[in-house]
Amino acid sequence: MNKRLLAGGILSLNLLSVKGLPIDAMPTRKIDVSIPFKAGERLLYVIRYGIIRAGFSTLEVGEGPLVKGRRTWKIVSRAWSNKVMDILYKVRDRNESWIDAEGLYSLHFEQDLHEGSYQVRRWTDYDYGHGKFVRVEFKKGGEERQEGPLPDFVQDVFSSLYYSRTLPLEVGKTYEFLANSNSKNWTLKVNVLGKETITVNAGKFDCLVVEPILLSEGIFRHQGRLKVWITDDEKRIPVLVKSKVAIGAVDAELLKS
């Protein structure tokens, strides 16, 4: 058993336990629109590197733990390369986000990324009552802990996608919200570029095309432009993602919802 990782997990639970701040010390909000996802949603994607079918990825929504008395959604993303791609560039990624079920802001985010020679495990807790975040990254020989100021109602890398699904997303408009990643707070902007009808493995869809202008680590490490095709209906399902990564262009195409 890795005692260091176990200790980190225990610390994470302590930070989030109801033994901390009183419930009323934590700022709250409620999204006043219909939430287009629910527990049990599972999306399966095929990952393509150019014309090569490189692997698969899933996005899943489930019931999360109570955090300081508040109900949460748990969003889990997994990505893995296939046997052929493993020889060239093996990927085994897992990301988990806990978001407030009513306000859709991030409460906890963790990553366990294995991409070629790049490996990292980290988690971040968002303590709104004290106005700070705590981030721990596990490295060979020890761990690195960082704290910093936290504004109210930030998103992490993956909750950003789910929060964006609740926005009006009108063509030609830009939407902004606060995000936290890699020990920094920043404003994430989502540009709605237009509408397109596209055909993917899962079928034919009328879509809105959106572009986040600030990127961070996710299913793969992004470098450059990212565009997402989201169904232009009440479900707002992401059916196609086109991105630049360290090894070239990677697409994620919906196989099954």
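The table for this structure:
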{"read-out": "Single residue of region 69-78 satisfying the filter (in contact with a Lys or Arg (Cβ under 8 Å, 6 or more places away or on another chain) and open to solvent by less than 40 Å² (accessible area, probe 1.4 Å)) that is farthest from Asp251 (Cα to Cα)", "value": "Val76"}
{"read-out": "First in region 17-35 and among the polar types (S, T, N, Q), second anywhere and outside any loop (DSSP other than H, G, I, E, B) and at pLDDT 50 or above, Cβ under 8 Å, 6 or more apart", "value": "Thr28/Arg70; Thr28/Asp100"}
{"read-out": "Selected residue (criterion: least open to solvent (accessible area, probe 1.4 Å)) from residues of region 55-68 that are free of Cβ contacts under 8 Å to residues at least 40 places away in the same chain and among the charged types (D, E, K, R)", "value": "Glu60"}
{"read-out": "Options Asn82, Asn2, Asn14, Asn95; residue that is more than 16 Å from the chain's Cα centre (by Cα), modelled with pLDDT of 90 or more and either under 17 Å from Leu161 (Cα atoms) or open to solvent by 20 Å² or more (accessible area, probe 1.4 Å) (or both)", "value": "Asn82"}
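The values are calculated or read from the model by the stated rules, or taken from the named source; none is laboratory data. These numbers come from a predicted model, not from an experiment. When we count neighbours, we look across all protein chains shown, and the Cβ atoms used for this are built from the backbone with ideal geometry, even at glycine. Note: areas computed on protein heavy atoms with side chains; ligands, DNA, RNA excluded. Shrake-Rupley method; radii C 1.70, N 1.55, O 1.52, S 1.80 Å.
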